[in-house]
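Enquirer: Would you mind keeping the following structure in view while I ask a few things?
Nothing in this text is a laboratory measurement; each read-out follows from the coordinates by a stated rule. Predicted, not measured: the structure shown is a model, and the values here were computed from it. Note that we place each Cβ from the backbone using ideal geometry, even for glycine, and neighbour counts take in every protein chain shown.
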Amino acid sequence: MPNTSTPKILIVDLVGLAPGAGGHPDHSAVKRYIETRGGVFHEGSARALPAPEPGRAHFYYQPMLSTDAELLAEAGDGLYDAVIAAATFLPKGTRFDLGGVRIGAGTGNMGSASWGGGDGRGGMAPLMNTPGINARATAQMVMKALLRVCPDLPVEEMHALVADGRFDTGRDLVRFPTAKLEGRVFAVIGYGNIGREVAKLARAFGMKVRIFARPRHKEWIESEGFIHAESVSDAAAGADVLSVHLGLGPLGPDGYANAGLIGTEALSALAKGAVLMNYDRGQLIDVPALAAALASGQVSHAAIDADLFRDASSGELSGPMVPYLSLLPQHAAKLSLLPHAAADTDHPTRVSGAIQAVDQILDAINRGVVRNRVGDLAEGYTDAGARTPPGLGGVTANDLEELRGDADRMDALRAAARGLVEALDRLVSDGAEAAGRDVLLQSNGLAASLRANALEGPFQG
């Protein structure tokens, strides 16, 4: 039987990435947080440690667990009541009767039958995630990859010439023409947390952003000043950059719904020499179609971030990155390949995600409250809805109720809105010479206030 008064919670991934005092990944922030919540943080297995102190939640930190055999040996018999994971795959036979939380959005790695596998359907325990926690880090890495090749100024070559004293600004700059990002078309496939953050960053560079998403998102996409595309091909048409953030979709008898979504039709619709970005799931790209597009010059560069696994004994490689490796002999200079690093290498993101996961699993165990539910709501639990970091994923009714109950914030917002209305009235009556400065000050102030209160994006009810 699960123990709700003295639960054992297994942590199977790192909860800090930056090196600490001893040179090892630093988990101290999460350890301290668990202790402030009244819990106990242990390094190692519950099998090898003294019996836990009754009445407190005990967290067992084992980030080096990796293989199915290791996980089944440690957690196949119900020793642990719950689990927190990031990238580690939990096989079906692992047992966590009080639930699990995935640090991040996708739950394909949460394979335990306790909640019915990665889709969270059919089990007896709640499955949760922390959506949006790594969205900004991932979006920034997407832009980092783009800026590596576009604008296409050969920075390293020019640095070498300058360092060797073999460059004359007056004579030699003409040999390095380039074109800025401003005014180019950036196609985003998907309007989830990461897709929306990528769109916002692309807009900050002055790019024209076109987003493919389901029709129900159209009014919100357009309300933010982006262009809604009815299909992937419409989004790709003439685009200089395409970045996919749609997820694999449901798994059917023929595979994932979105596997191979970016294929010949979408790639041929792009502007000649476009840049392709896939920092989502490797399977979303039709690799043979990409090979043809690279060979023809239709795609000038492809940046891919996908899982790659290596068997420690045999050296055999597996994972969705493997098909892309076949492109290297002919197209190495046109490729940037990462091992699903964008979402899982940012230390502050991992710490904040782990802290949120601790809160969610304790709330589920202690109060029967499930936040950021994935799949079915397990019997005996209450659904507390979704929660993302401020400014991500839109605004919920709960967010607005919190604002409604904060008199200071409401007063400041109303004052900022009234200030702009009054300035615009003065512009009409007195003209730009008299009112122009005030219009812009009030406009900037209202925009800043709206951002500070995360009042942007879609309303999620």
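Enquirer: To check you understand DSSP bridge types, tell me what percent of the beta bridges within region 136-338 (both residues inside) are antiparallel, rounded to 5.
Expert: Approximately 15 percent, going by the DSSP bridge assignments.
Enquirer: Okay, moving on. Specify which labelled value, from (1) 72, 54, 42; (2) 79, 59, 51; (3) 73, 64, 50, agrees with Cα extents along the principal axes in Å derived from the coordinates of the model shown.
Expert: Recomputing Cα extents along the principal axes in Å here picks out (3).
Enquirer: When GLU422, GLU197 are ordered from fewest to most other Cβ atoms inside 10 Å of their Cβ, what list results?
Expert: With the fewest neighbours first, GLU422, GLU197 line up as GLU422, GLU197.
Enquirer: Give the total of Lys-Lys pairs in the chain with Cα-Cα distances below 21 Å; include a pair only if its members are 8 or more places apart or on different chains.
Expert: Step by step, the pairs that qualify in the chain add up to 15.
Enquirer: Show me the GluC sites (Glu not before Pro) within region 348-410 that DSSP assigns to loop and that have at most 15 other Cβ atoms within 10 Å of their Cβ.
Expert: Of the GluC sites (Glu not before Pro), the ones in loops of region 348-410 whose Cβ has at most 15 other Cβ atoms within 10 Å are GLU379.
Enquirer: Tell me the net charge near ALA46. Cut-off is 12 Å between Cβ atoms, ALA46 excluded, with +1 for each Lys or Arg and -1 for each Asp or Glu.
Expert: -2
Enquirer: Rounded to the nearest 0.05, what FRET efficiency do ILE227 and THR169 have when you use their Cβ-Cβ distance and R0 = 41 Å?
Expert: The computed FRET efficiency comes out at 0.55.
Enquirer: Let me ask you something else. For a quick check: with amide H placed at 1.01 Å from N, whose amide H comes under 5 Å from HIS228's, ignoring anything fewer than 5 positions away on the same chain?
Expert: The answer is ILE211.
Enquirer: May I pose another question? Grab the other residues whose beta carbon is less than 15 angstrom from that of ASP307, score K and R as +1, D and E as -1, and report the net.
Expert: Taking every Cβ under 15 Å from that of ASP307, the sum is -3.
Enquirer: Rounded to the nearest 5, what % of DSSP beta bridges with both residues in the chain are antiparallel?
Expert: 10 percent
Enquirer: Tell me the label-point distance for the pair SER268, HIS347, using the 7 Å Cα-to-Cβ offset, in nm and rounded to one decimal.
Expert: 4.9 nm
Enquirer: Next up: What is the P(r) of region 397-452, as percent of Cα-Cα pairs per 10 Å bin from 0?
Expert: So the P(r) values, bin by bin, are 25, 41, 23, 10, 1.
Enquirer: Quickly work out the ALA48-to-GLU182 label distance, labels modelled 7 Å from Cα along the C-beta direction, and quote it in nm with one decimal.
Expert: 5.9 nm
Enquirer: A further question on this structure: With N residues in region 155-306, what two-decimal value do you get for its Cα radius of gyration over 2.2 N^0.38 Å?
Expert: Expressed relative to 2.2 N^0.38 Å, the Cα Rg reads 1.21.
Enquirer: Which whole number of Å³ per residue matches the convex hull of the alpha-carbon atoms in region 309-408?
Expert: In region 309-408, the Cα convex hull volume per residue is 222 Å³.
Enquirer: Cut-off is 10 Å between beta-carbons; in what order do LEU450, LEU420 appear when sorted fewest neighbours first?
Expert: Ordered by Cβ neighbours within 10 Å, fewest first: LEU450, LEU420.
Enquirer: Please report, ordered by residue number, every helix of the chain (full DSSP H runs) that is 20 Å or longer along its axis going by C-alpha atoms and whose mean Kyte-Doolittle hydropathy reaches 0.5.
Expert: 135-149
Enquirer: At 0.36 nm per residue, and after removing the present C-alpha to C-alpha distance, how many nm does the segment from ALA73 to GLU157 gain when stretched out fully?
Expert: Between ALA73 and GLU157, full extension yields an extra 25.0 nm.
Enquirer: Another question about this same structure. Using the 10 angstrom Cβ neighbour count as an exposure proxy, how do THR138, THR178, THR6 rank, fewest first?
Expert: If I rank by nearby Cβ atoms, fewest first, I get THR178, THR6, THR138.
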